[in-house]
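**Q** Right, I'll just put the structure down here and ask away after.
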Amino acid sequence: MRLAERGRSADDVLAELRRRHERDLPTHGGRTWAYVYDAGLAGLDELLAEAHRAYAAVNGLDPTVFPSIVALENDLVGAALELLSAPSGAVGTFTSGGTESCMLAVKAARDARPGVERPRMVVPTTVHPAFLKGAKYFGVEPVRVPVDPATCRADPAATAAALDDHTVLVVCSAVSYAHGACDPVPAVAAASAARGIPCHVDGCIGAWLLGWWRRAGHDVPPFDFAVPGVTSLSVDLHKYAYAAKGASLLLFRDPALRRASYFASAAWPGYVMINATMQSTKSAGPLAAAWAALQHLGVEGQLELARRTREATRALVDGVAALPGLRVVGRPDAALLAVGSTEEAVDPFVVVDELRVRGWYVQPQLAFEALPRNLHLTVTAASLPRVEPLLRDLRDAVVAARAAPSARPDPDLVAAARAIDPDALTPAEFARLLAFAGLDPATVGGGLPERSAGINNLLEAVPARLRERILAEFLGLLFTT
């Protein structure tokens, strides 16, 4: 895009934004079952937008210049610490999202033990990739431990066996994104505490909801600071607290561990830089919007949203269990579930496509080690009235999938793809892979085709490292400038 010599009117600019947004999946209405968190409450979006606008120009770099952001952050952290059983003296930091919270947890654990050479962290294979990103950025070696394929939960004995003198952090999930399973936090935390190693609970997507379910009197797995040995916990507010993106909290039992997550530098002639997060300059808009969401909803509002989410989740789990050809993978503990197949003729990737043409978006998840391919559903408070319509279309999608031609790629294509060196992938080879998948490199910027089962089958068939390289090349095609 080239800038026009003369600026455009505000109405014209906003109209074009609305036109461009028309191609995006809907963020409200309960038909998009990933990426978005819809409370289904009238007026909430407008409140968050107004709060965000009021603080959009406020710079979170220096809280001494804008003291109101200190008060807002302390309020948010305090509410989360109370909900999640934190002891007196516990502290926290507001971050831009779950990935930043997870990465800072890795940094804090590394910097809290500066004498450890070749630091490592022990994680289940279901851990969110944000921790692997943190490991890559901060030079911590991830030691990945397989999970129980029946429950999709971490194996405490295998985790304990993986600990050594180089381990600076142990991570477990409450809950895992892929399957919604809560790892056995007490056993994992006990094993880490026995060796004096910090234990972080990734509660980005599950902790807030589990906390309110517990407050409502429901049994939930032990997962938070009530568990001895849990030293830090991440929880996103832009998920089940229904704040605007991006809003997350990184909570610490001990202020000393939080200090290790900070960055400070006086080694230059300008102001002394001190950052609580990975960002320096940042808008306080998301902070204000998150504060507004919690203040507006209050305890009663949070409990009601949690109730709706729980009711929708239970109805969906029961409904899937009653559908021939499908099953729930693992044992979900929160509002996420993975749906796999019980029949070879029912390809979950084809079911995803069939749902897409019926107006639903659900997320395909590739097989990994002993864990099967599946379709992923994120349930929110707005999902409740959509459960029965989705189940009806899901039943029809399974019937259509049984009758559909196989989406599995030709074995010769798979063999040729597997022979490619990820580190030596050429543009010509990538173009051929796209062509085999039915994609034209010249039109990829328009997005994926309506049906992507063949593409997902091909991606699943190649090694993970090659898959990563292929998707990185694809991302480069989308962003052409």
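The values are calculated or read from the model by the stated rules, or taken from the named source; none is laboratory data. Model, not experiment: these values are computed from the prediction. As a convention, Cβ positions derive from the backbone with ideal geometry for all residues, glycine included, and neighbour counts pool all protein chains shown.
**Q** Could you figure out which of (1) crowded, with 24+ Cβ neighbours inside 10 Å; (2) acidic (D, E); (3) free of Cβ contacts under 8 Å to residues at least 60 places away in the same chain isn't true of D219?
**A** Every listed condition holds for D219 apart from (1).
**Q** I need the full set of residues from the stretch 1-51 which are among the charged types (D, E, K, R), touching a Gly at 6+ places or on another chain (Cβ under 9 Å) and more than 21 Å from P286 (Cα to Cα), in order please.
**A** Result: R23, R31.
**Q** Just checking, which of L72, L84, L44 is modelled with pLDDT of 95 or more, under 23 Å from V299 (Cα atoms) and outside the structural domain of K239 (by TED's automatic domain parsing)?
**A** The conditions single out L44.
**Q** Ok, one more. Here are some residues: T481, T443. Which one is of a type in the set (S, T, Y), over 29 Å from L355 (Cα atoms) and modelled with pLDDT under 80?
**A** Step by step, each of T481, T443 is checked, and only T481 is of a type in the set (S, T, Y), over 29 Å from L355 (Cα atoms) and modelled with pLDDT under 80.
**Q** Looking only at the stretch 334-363, which residues are of a type in the set (V, I, T) and more than 15 Å from D318 (Cα to Cα)?
**A** Result: T342, V346, V350, V351, V352, V357, V362.
**Q** Which residue pairs have Cβ atoms under 6 Å apart, sit 6 or more places apart or on different chains, and have a first residue in the stretch 416-437 that is touching a residue at least 40 places away in the same chain (Cβ under 8 Å) and a second that is not in a helix (DSSP H, G or I)?
**A** A417/V462; R418/V462
**Q** Determine which single condition H376 fails, assuming it passes every other condition in (1) without any contact (Cβ under 8 Å) to a residue 40 or more places away in the chain; (2) under 26 Å from D45 (Cα atoms); (3) buried (at least 18 other Cβ atoms within 10 Å of the Cβ).
**A** (1)
**Q** So, restricting to helices (runs of 4 or more DSSP H) that lie completely within the stretch 125-210, which ones have at least 2 residues that are closer than 15 Å to K107 by Cα and in the same structural domain as D236 (by TED's automatic domain parsing)?
**A** Output list reads 129-138.
**Q** Here's something else I'd like to know. Report, by residue number, each residue of the stretch 58-99 that is under 17 Å from A226 (Cβ atoms) and assigned to a loop (DSSP other than H, G, I, E, B).
**A** Listed by number, the residues that qualify are L84, S85, A86, P87, S88, G89, A90.
**Q** Would you confirm, using the coordinates I've provided, whether G97 is surrounded by fewer than 23 Cβ atoms within 10 Å (Cβ to Cβ), among the small types (G, A, S) and either modelled with pLDDT of 95 or more or on the phi < 0 side of the Ramachandran plot (or both)?
**A** yes
**Q** Using beta carbons and a limit of 7 Å, which pairs, at least six apart or on different chains, have the first residue in the stretch 292-316 and surrounded by fewer than 17 Cβ atoms within 10 Å (Cβ to Cβ) and the second one among the aromatic types (F, W, Y) and part of a helix (DSSP H, G or I)?
**A** Within 7 Å, the pairs are L303/W212.
**Q** Would you mind stating whether A345 is more than 18 Å from Y37 (Cβ to Cβ), in contact with a strand residue (DSSP E or B) (Cβ under 7 Å, 6 or more places away or on another chain) and not in a helix (DSSP H, G or I)?
**A** no
**Q** Output the residues belonging to the stretch 226-248 that are within 18 Å of the chain's Cα centre (by Cα), in a loop (DSSP other than H, G, I, E, B) and closer than 23 Å to R307 by Cβ.
**A** L237, H238, K239, Y240, A241, Y242, A243, A244, A247
**Q** Would you tally the residues in the stretch 320-342 being in contact with a strand residue (DSSP E or B) (Cβ under 8 Å, 6 or more places away or on another chain) and either in the same structural domain as R451 (by TED's automatic domain parsing) or assigned to a loop (DSSP other than H, G, I, E, B) (or both)?
**A** Within the stretch 320-342, residues that are in contact with a strand residue (DSSP E or B) (Cβ under 8 Å, 6 or more places away or on another chain) and either in the same structural domain as R451 (by TED's automatic domain parsing) or assigned to a loop (DSSP other than H, G, I, E, B) (or both) number 5.
Listed here are the residues, each with its yes/no results for (1) outside the structural domain of A464 (by TED's automatic domain parsing); (2) loosely packed, with under 15 Cβ neighbours inside 10 Å; (3) over 25 Å from E450 (Cα atoms).
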position: D396; (1), (2), (3): yes, yes, no
position: A415; (1), (2), (3): no, yes, yes
position: D421; (1), (2), (3): no, yes, yes
position: P427; (1), (2), (3): no, yes, no
position: F430; (1), (2), (3): no, no, no
